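Read the structure below first, then the notes.
What follows draws every value from the coordinates through simple rules; no lab data is involved. The shown structure was predicted, so the numbers you read here are calculated from the model rather than taken from an experiment. Neighbour counts run over all protein chains shown; Cβ positions are idealised from the backbone, glycine included.
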Amino acid sequence: MSKSNIFLDAPNVGNIEKKYLCRAIDNGYISTFGDYVPKFEKKFASYLGIKKAVSTQSGTSALHISLYTLGIGKGDEIIVPTLTFIATVNPIKYVGATPVFVDVDIDTWNVLPSEIEKKITKRTKAILPVHLYGNPCDMSAINKIAKEYNIKVIEDATESLGAIYNGKYTGTLGDLGCFSFNGNKIITTGGGGMVVGKDYKILERIKFLVNQAREDTNNYYHPEIGFNYRMTNIEAALGLAQLERLDEFLEKKIKFNTIYKEELRNIKGIKFQETLPKARSSCWLTCILIEKDLDISTLQRKLAKKGIPTRRVFMPVVEFPPYRDCRCDKYKNSYVIYSKGLCLPSSTLNSFKDIVYVCKNLRELLK
Ligand SMILES: Cc1ncc(COP(=O)(O)O)c(C=O)c1O
């Protein structure tokens, strides 16, 4: 039997979303005006237990505006893991700074604090940790280093909305935290992002900069160069509805992760991404490391024939042409995870039965 309705990371959009979207359309506010943007920002901040959140056009623009607003630019160095999506790193280049790559931990797949410290120089301005696939980084260790060297922490929490570290949501632990609402994320606005942070004034400045640096008057007056990084009312309508369902999504994804662990526990050579004791992953994607002598792409093809979509783990960023001159032999774990890792179906459109079916096929293929 093969199935065709199993999804890797497809969005789950339903009736509440339709209702809010129709309301935005009926009111005629589909672009920059309308009340969904402030409502979404307020509810998002309140969910995370913080004062303010600023919406953006994407997770990438959230990262870019964060670096820019902190005054990071030419000559500055930003420490970043090499195992991540390229969108973590490109914004460092947008502001003219230099990414300094660090390997990840083989168990958590997240940036290694011990390696961060080795890379700090006089030029280091920030650490950009990524909570990969929703799994929280060791933020106590990272914040301790940042404090000691007086540098900033910008969390790439694009994949980790709802993940918790030491009783706090990821994204709220560093100086600034960035989220993504791309179609495949835990909640989606079709495409969008959010910046949160500790310093209210910095967030107010971000709000000003993402709106073409337009002064809050009716005159189109722009005292400096800004960006068009605003979220639209229609996107925020979708976001608000999705946010109301966030707990439902998290619960389901975490349950999928439990089922995978339970059903695959007897297969030798399978390791799951480990979560730190004081953390809870959002389980955005459940991923495994297959310590067997097999080709991941061949396994993917066999699974695809059974109707099971999968995805390779990110290729280390230093493998891409713009970053190749940073290649060296120090990113061993990132390469091991890339070559042996696999992301499994985690969309909340799947049923628990679908996940059991995926496990049954994995067991057969990995015997
Ligand atoms: C780790 C990581 N960083 C940054 C981004 C960029 O987010 P967006 O696609 O919303 O620009 C994504 C998601 O796409 C991501 O997975």
**Fill in**
When the chain is treated as a Gaussian network with springs between alpha carbons less than 10 Å apart, the largest mean-square fluctuation among Ile187, Ile151, Ile164 is found at Ile151
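Given the Cα-Cα distance of Phe320 and His222 and 0.36 nm per residue of separation, how much length would full extension add, in nm?
Full-extension gain reported as 31.5 nm.
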**Item:** In order through region 23-29: 3J(HN,Hα) via Karplus (6.51 cos²θ - 1.76 cosθ + 1.60), integer Hz, x for Gly, Pro
**Value:** 4, 4, 5, 4, 6, x, 9
**Message:** Sorting check: for 87-94, 243-250, which peptide has the highest mean count of neighbouring beta carbons within 10 Å, and how do the rest follow?
**Reply:** 87-94, 243-250
**Message:** For the chain, what does the helix formula give at 222 nm: sum of -39500 (n - 2.57) over DSSP H segments with n ≥ 4, over the residue count, nearest 500 deg cm²/dmol?
**Reply:** -11000 deg cm²/dmol
**Request:** List His64, His222 from most exposed to least, where exposure is judged by having the fewest other Cβ atoms within 10 Å.
**Result:** His222, His64
**Fill in**
Here, Asp107 and Cys22, labelled 7 Å along Cα→Cβ, have an inter-label distance in nm of 5.2
**Asked** What are the residues whose amide H is under 5 Å from the amide H of Val102, where those residues sit 5 or more places off or on another chain and H is modelled from the backbone?
**Response** Val80, Thr82
**Per-peptide average of other Cβ atoms within 10 Å, ordering 27-40, 98-111, 282-295 highest first** = 98-111, 282-295, 27-40
**Fill in**
For 192-200, 16-24, 258-266, ranked highest to lowest by mean beta-carbon neighbours within 10 Å, the order is 192-200, 16-24, 258-266
